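Encoded as structure tokens, the structure appears first; notes follow it.
Read-outs throughout are calculated quantities, based only on the coordinates presented, and are distinct from any laboratory measurement. Note that the coordinates shown come from a computational prediction; the quantities given were computed from them, not determined experimentally. Please note: Cβ atoms are built from the backbone with ideal geometry, for glycine as well, and neighbour counts cover all protein chains shown.
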Amino acid sequence: MTSLSHIHSIGLFGFGAFGQLVARHLGNHVPVIIHDPALPDHLVLPPNLHRASMEETAACPLVILAVPVHAMPSLCNAIHVHLKSGAIIADVGSVKLEPCRLMSELLPPHVDLVGTHPLFGPQSADGGIAGHKIALCNVRGRSHLRLAAFLRRTLGLHTILTSAEAHDRELATVQGLTHLIARVLKDMGPLPSRMTTTSFERMIEAARMVQDDPPGVFAAIVQANPFATEVRDDFLRKARALALPPDGHTE
């Protein structure tokens, strides 16, 4: 693995839709060790993907936490004693302030910590991940630089180094509004499909990419992001203002 030559295996906690996407692409370069209690015993994994115990998974030199934000405290407490000195621990959540805080507080000082947010999902990356964006927030150590180099050179991702706060402020608009609009459009029922404009079709296409995301993703975006409420309220306030008559008064 370019820039991460010492990574002989990757430990992956969580094998949901996004965990599977992570495993599929990283498994092309290094064995991925997976631990997820919900993983069916009868499921046959592709080559280079292996199920393992919590202890074995946590002992890898790179450990990825692909679990919802609400599950991170218990997971961090469980793997704390099994992490090896010098290991890199990274989450892949849609918000960064809270996961970065939890990792910093609950994981031992002898590991490096990186908050990451792949700015794509299983649907938007259906044709591959090269060219997509990923945000990296350094929490502890210097491994984020080597990780960024690997993601850029080997996986073809556009890496963005930022802070957890800056990430959450921007994503409160980028994701918060996208998911809000997608949910509203879905609740409006069948939408026109015969007489449509290009702009309308692109809006519907964008909404479809996120409207069926797991509830945990939506909850993280609208609840765990501390800036989401302000952005949402501002958007709704401006939308209501547009609906008023020109004089600003209702009948």
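When the charge dipole of segment 175-251 is built from unit charges on Cβ atoms (+1 for Lys and Arg, -1 for Asp and Glu) and taken about the Cα centre, the candidate among Q223, A206, I181 whose Cα reaches farthest toward its positive end is A206.
Ranking L145, S124, L97 by Cα position along the charge dipole of the chain, where only Lys, Arg, Asp and Glu carry charges on their C-beta atoms, puts L145 farthest toward the positive end.
Spacing of the modelled spin labels on E56 and R24, each 7 Å from Cα toward Cβ, amounts to 2.5 nm.
Using R0 = 51 Å, the C-beta based FRET efficiency linking L242 and H8 works out to 0.35. The separation of segment 171-226 from segment 10-61, counted between C-alpha centres, amounts to 30 Å. For volume of the Cα convex hull per residue in Å³, which listed value, [x] 149; [y] 157; [z] 124, comes from the coordinates shown? Checking each listed value against the structure points to [y]. The peptide list 231-238, 54-61, put in order of mean Cβ contacts within 10 Å with the highest first, becomes 54-61, 231-238. For the chain, the antiparallel share of DSSP beta bridges with both residues in that region comes to about 20%. Charge dipole of segment 166-243 (Cα centre as origin; +1 on each Lys and Arg Cβ, -1 on each Asp and Glu Cβ, all else neutral): 300 debye, rounded to the nearest 20. Shape annotation for segment 31-108: C-alpha extents along the principal axes are 36, 26, 17 Å, from largest to smallest.
I want the local charge near M103. Using Cβ-Cβ distances under 11 Å, sum +1 for each Lys or Arg and -1 for each Asp or Glu among the other residues. Spelling it out: positives minus negatives among the neighbours equals -1.
Once C-alpha pairs closer than 8 Å and six or more residues apart are averaged by separation and normalised to the residue number of segment 166-243, the relative contact order reads 49 percent. Each peptide in 124-130, 209-215 receives the mean, over its residues, of other Cβ atoms within 10 Å, and ordering these scores from highest gives 209-215, 124-130. The fraction of all Cα pairs in segment 166-243 landing in successive 10 Å bins from 0 to the largest distance is 18, 45, 32, 6, 0, given as whole percents.
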